[in-house]
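What follows is a set of notes on a single structure, which appears directly below.
Please treat every number below as a calculation from the coordinates, not as lab data. Computed from a prediction, not measured in an experiment: that's the story for all the values here. For neighbour counting, all protein chains shown are included, and Cβ atoms are generated from backbone atoms with ideal geometry for every residue, glycine included.
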Amino acid sequence: MKSLVAVLFILAVQAACAVFFVSDILLSVLGIYVAPISWQNRELLEIGAALGLMLGLALGGLTLARSIRGRRVAEEKLRRASGAFMELLDERFTGWGLTPAERDVALFAVKGMSTAEIAALRQTSEGTVKAQTNAIYRKAGVTGRPQLLSLFIEDLIDGELPTRTEALPPPAAPVAIAPPAPVLQADQPPGAP
C-alpha cells in the first residue's frame, strides 16, 4: 500500500511537471501571454519540474528492473517445475518397469496425443500402440489414460502419492434396494388394492 501511494505521488508530480513545461511552450506558440512571474520563482518551478521528471525516470527504471527480476524468477520456477515433472515421469516409468518403447508411448500419452498420432510418430501400427498402452496401464495399476494422468497430477499437487492400494478405497458392500412403495390415489383408502 505504501509503494502504491509513493507511485501515485510521483505520477502526480510528473503530470504537474509535464503540464508546466507543455503549457509554457503551448502558450508561447499560441501567442497568449500571461503575467510573468519573478525569475527566482520560475527557476524554482523549472528545477522542481526537472527533479520530478528525473524522479519519474528513476521510478520507471526501478519498476522495470523489478519486473525483469520477477519474470526471471518465474521462468526459473517454471524451468525447475518442468525439470521436476520430467524427473517424476522418469521415476514413475522406472518404478513401473516400462520398456523404452513403453516409455515413449507413455510420454506421448501424457502429452495428450491420440493413438493414431503416437503410431505415426513412432512409425508403428495403431494396434502396437494400443497393446503398449494397455501394458502401461496394467503396470501402472490404472484402467485408462485419465487415471494415468491423475497419478501425475496428484503427485504435482500433493508432492507424494500413496501407493495404488492405499489410494483406492475398499470395495463397498452391495446395498439391497427395496422395491418402491405403491402410490396411493387421492380417493383410495390406505390398504385398498
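Points worth noting:
- The modelled label-to-label distance for the pair Val142/Lys111, using points 7 Å beyond Cα in the direction of Cβ, is 1.7 nm.
- Full extension of the chain between Arg122 and Arg79 gives 12.8 nm of extra length, using 0.36 nm per residue less the Cα-Cα distance.
- Straight-line cross-link reach from Lys111 at under 29 Å between alpha-carbon atoms covers these lysines, not counting any fewer than eight positions away in the same chain: Lys77, Lys130, Lys139.
- The Asn41 and Leu11 beta-carbon pair, evaluated with R₀ = 35 Å, returns a calculated FRET efficiency of approximately 0.90.
- Distance from the Cα centroid of segment 1-52 to that of segment 60-106 is 50 Å (rounded to whole angstrom).
- Taking all pairs of distinct alpha-carbon atoms in segment 17-135, Kirkwood radius in angstrom: 20.8
- Across segment 97-163, Cα-Cα distances exceeding 17 Å account for 39% of all pairs.
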